[in-house]
DNA sequence: CGGGGAAGATTACACCTGTAATCGACAGGG
DNA sequence: CCCTGTCGATTACAGGTGTAATCTTCCCCG
């Protein structure tokens, strides 16, 4: 699966959330703080099409864009890459790391424990 | 903290493992499969210096390089970035995701449970 | 029916990254 | 004392990315 750049990912998020959309619709839904012009969004859409992670169907003179890959799949791949690179492919050190950095609230801990318990059954 | 590119990260790994080292030493320790020439490694070192994530001390006509940032800190930052981007800043969905993707072996689960238990005390 | 606006396509351009080659200085061996 | 090898510094260059502007085509409003 083709790599998706950081900015492009923001566009994918929009379409994972709602699809199909026109370029203008996507632009309208991209987070404000990106400060992107419509032209920029169109560039992103073209590149994502070229990468094969979006498809488009014609709607008169416009395109309707929709994701060609599933969000969970992409997220899984990216997470895997990070874990491979920074934690030698092992998940436990990641969790340990997060714990040590106080990224885990008591609520998180409870939730994860529940999750793991279900996994074992 | 400056962003470290994928290739540059491989150089950092070498120096986190052993420092200080000369450019030639670093080149000798970079994973074979990168297939990098000494020149390439030197470029990486310069860029990392420019980014402020390495320091160098003179040793005659050569430099001895050593990390200027701690590995755990950088790893923490990168992990945080991924979690923010792909999981809305929440850790639990990450773990859920890993679980669903069978990235968690029973041994992992046991280990994580132990880790969490310690956290609570 | 003509002009303006909107759609996608094409082009632009600077910065980052991977991957070096080349350059100028200098130290050490013969 | 000179040559050669080695060092860091500088330069190179293509592909990816952020961020658009411009071009071409065509539809709709007046």
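Rule-based calculations on the coordinates, nothing more; no lab input. Given the structure is predicted, the values throughout are model-derived calculations rather than measurements. No Cβ is skipped: glycine too gets one built from the backbone with ideal geometry, and neighbour counts run over all protein chains shown.
Looking across B:47, B:3, B:85, one residue alone is part of a helix (DSSP H, G or I), within 14 Å of DNA strand D (Cβ to nearest atom) and within 11 Å of chain A (Cβ to nearest Cβ). It is B:85. The condition of being touching a helix residue (DSSP H, G or I) at 6+ places or on another chain (Cβ under 8 Å), more than 9 Å from chain A (Cβ to nearest Cβ), closer than 26 Å to residue A:80 by Cβ and outside any helix (DSSP H, G or I) holds for only one of B:36, B:16, that being B:36. Residue A:56 meets the conditions (1) more than 16 Å from DNA strand D (Cβ to nearest atom); (2) more than 7 Å from chain B (Cβ to nearest Cβ); (3) buried (at least 18 other Cβ atoms within 10 Å of the Cβ); (4) in a loop (DSSP other than H, G, I, E, B) in every case but one. The failed one is (4). Within the stretch B:59-105, the residues that satisfy the criterion of being in contact (Cβ under 8 Å) with a residue 24 or more places away in the chain and surrounded by 18 or more Cβ atoms within 10 Å (Cβ to Cβ) are B:63, B:65, B:67, B:69, B:74. A count restricted to the stretch A:31-58 and to residues that are away from DNA strand C (no atom under 14 Å from the Cβ) and either without any contact (Cβ under 8 Å) to a residue 24 or more places away in the chain or within 21 Å of residue B:88 (Cα to Cα) (or both) stands at 5. Quick check: is even one residue across the stretch A:102-117 more than 8 Å from chain B (Cβ to nearest Cβ) and under 16 Å from the mean Cα position of the chain (by Cα)? No, every residue in the stretch A:102-117 fails to be more than 8 Å from chain B (Cβ to nearest Cβ) and under 16 Å from the mean Cα position of the chain (by Cα).
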